[in-house]
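The numbers here are math on the coordinates, done by the rules we state, and not lab data. The model shown is predicted, which means the values in this text are computed figures rather than measured ones. In this analysis, Cβ positions are derived from the backbone assuming ideal geometry, glycine residues included, and neighbour counts consider all displayed protein chains.
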Amino acid sequence: MKVASPNQAESKDQYHHGDLKNALIAAAEGLLEEKGAKEFSLRECARRVGVTPTAVAHHFGNAAGLVTAVATVSFAEFAKLLRAALKRSVLNDSDSLEAICEAYLRFAERKPARYRVMFSDGIRDKSNADYNAAWLDAFGILRDTVKARLGNAETEDVWARALSIWSALHGFATLENARKLDFLKAPLRSETDADLRRKFLHVLLTPGRSK
């Protein structure tokens, strides 16, 4: 009986699934949402897609490579959402910085698994060039919007202000997804998550109150 070589098996996998790379990224996202990074398994991702672990390793190398791919794709989607929010704000003549911040929190709320992977060290490859470029691209959208608001501010001030907003948004989103902010609704007279977010953003973006 003739046994197919690993390369032949991989070729069949790719042929059968068409876009194997994206199928594996989707499977990895689902697995990360269910079990978290600590129990993430390359073999389980392969099983869910119906391919061999060899085929997965060919595309991503190891588990860290696949998790990093999920984080990179997620940051690209995140940046696309921020740009769309920025474009709408220009068309509607509304506050661009507020629009971007709202989009940031909305992404974290609607895609919590992807958001956790984007910012969690876990088993992600921290030196991956594509990942680093993707998150810098997303951060750059916020930085450039801050620069437009501050006008002739020094470059260092722009980066510092963008960093403070980015960090505050991350902290709020992380706490909100963990349901650690519910106790604040009563003292802040906020009946819903959306109302709590609005009050947070008002304080964060009001000049003179969050420098």
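The figures follow:
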quantity: Full-stretch length increase - ARG83, ALA153 - with 0.36 nm per residue and alpha-carbon distance subtracted; calculated: 22.9 nm
quantity: Set of aspartates and glutamates near LYS21 by C-alpha distance (under 17 Å), chain-local residues within fewer than 8 positions excluded; calculated: GLU10, ASP13, GLU29, GLU44, GLU77, ASP130
quantity: Reduced Cα scattering model of the range 84-143, Debye log10 I(q)/I(0), q = 0.18, 0.25 Å⁻¹; calculated: -0.74, -1.08
quantity: Helix axis angle, 129-150 relative to the chain longest principal axis, alpha carbon, degrees; calculated: 10 degrees
quantity: Top of ALA186, ALA76, ALA46 by mean-square fluctuation, Gaussian network on the chain, Cα under 10 Å; calculated: ALA186
quantity: Over the chain - Rg/Rh using Cα atoms and the Kirkwood inverse-distance radius; calculated: 1.07
quantity: Where Cα atoms sit under 24 Å apart: lysine pairs in the range 70-211 separated by 8 or more or lying on different chains; calculated: 15
quantity: Test item: Cα-centred dipole of the range 70-211, Lys/Arg +1 and Asp/Glu -1 on Cβ, debye; calculated: 300 debye
quantity: Farthest positive-ward along the chain dipole, Cα basis, beta-carbon charges - from VAL51, SER89, PHE40; calculated: PHE40
quantity: Modelled FRET efficiency - R0 35 Å, ASN132 with ALA186, Cβ distances, 0.05 increments; calculated: 0.25
